[in-house]
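Here's the structure we're looking at; comments come further down.
The values are calculated or read from the model by the stated rules, or taken from the named source; none is laboratory data. All values derive from a computational prediction rather than experimental measurement. Positions of Cβ are backbone-derived with ideal geometry, glycine not excepted, and every protein chain shown enters the neighbour counts. Note: accessible area is taken over every heavy atom of the protein model, side chains too, but ligands, DNA and RNA are not part of it. Shrake-Rupley method; radii C 1.70, N 1.55, O 1.52, S 1.80 Å.
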Amino acid sequence: DHKVNGRRLYRLSGFVDFTPNKEPAKHRIEALVDAAKVHLKDVKVIDVSACHRPFSADDRPIIGKAAAFGNVYLCTGFGSRGWSIGLGSGSLLASLILGLSCDIDPEPYSPHRFGTRYF
């Protein structure tokens with residue numbers, strides 16, 4: 001529970017835009033706030049930001065050992081799905097690092113599917 005001056009703070013997130021713009025579009029922020037007001041009547045925006053969401057060329061996460069760099073492991077390329085598949089990818093990554101079996105097949109996510117030139 002995050003509070004400042006006795007008020008709860010919420011982080012709202014909800015858009016993926018493919019654009020070179022670095023600033024979020026005002027109308028998109030207003031739409032998100034309006035949607036939040038359905039459940040949170042006293043919503044007040046205190047900060048707005050935009051960030052990059054890395055994705056891979058085939059739109060699948062890259063999870064596994066980067067052979068070209070020894071003990072470096074990758075867990076990236078989730079695009080807008082990072083929060084929704086984070087637990088599974090973390091489990092897979094931990095299994096790979098520790099050399100344990102995992103219920104998730106690592107092959108579709110291997111960095112090596114792109115060759116070893118970059119990874």
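Over the chain, dividing the summed -39,500 (n - 2.57) contributions of all DSSP H runs of at least 4 residues by the number of residues returns a 222 nm mean residue ellipticity of -7500 deg cm²/dmol. Taking the Cα centroid of the range 1-55 and of the range 79-94, what is the distance between the two, rounded to the nearest whole Å? The range 1-55 and the range 79-94 have Cα centres spaced 22 Å from each other.
Surface composition of the range 12-58: carbon plus sulfur atoms contribute 56% of the solvent-accessible area (1.4 Å probe, protein chains only, all chains present). Given their separation in residues at 0.36 nm each and the Cα-Cα distance between them, residue 112 and residue 81 gain 9.0 nm when the chain is fully extended. Between 0 and 90 degrees, the angle of helix 26-36 with respect to the longest Cα principal axis of the chain falls at about 80 degrees. Look at (1) 50, 33, 22; (2) 46, 35, 23; (3) 49, 26, 20: the one that is Cα extents along the principal axes in Å derived from this structure is (1).
Could you tell me which chymotrypsin sites (Phe, Trp or Tyr not before Pro) in the range 68-117 are loop residues by DSSP with no more than 15 other beta carbons within 10 angstrom of their beta carbon?
none
Rounded to the nearest 20, the size of the Cβ-charge dipole of the chain about its Cα centre is 420 debye, with Lys and Arg at +1 and Asp and Glu at -1.
Between the exposed loop cleavage positions of the chain, defined as trypsin sites (Lys or Arg not before Pro) in a non-H, G, I, E, B DSSP state with at most 16 neighbouring beta-carbon atoms within 10 angstrom, the longest gap is 45-116. Per residue, the range 1-60 exposes 94 Å² of accessible surface when a 1.4 Å probe is rolled over the protein heavy atoms with every protein chain present. Once the chain from residue 40 to residue 17 is taken as fully extended at 0.36 nm per residue, the excess over their C-alpha distance is 5.8 nm.
Ordering 30, 23 by how much accessible area each has at a 1.4 Å probe, largest first, what is the list?
23, 30
If one takes the longest principal axis of the Cα atoms in the chain, at what angle in degrees, from 0 to 90 and to the nearest 10, does the Cα axis of helix 82-98 lie? The answer is roughly 30 degrees. Protein-only accessible surface at a 1.4 angstrom probe places the residues 27, 39 in the order 39, 27, largest first.
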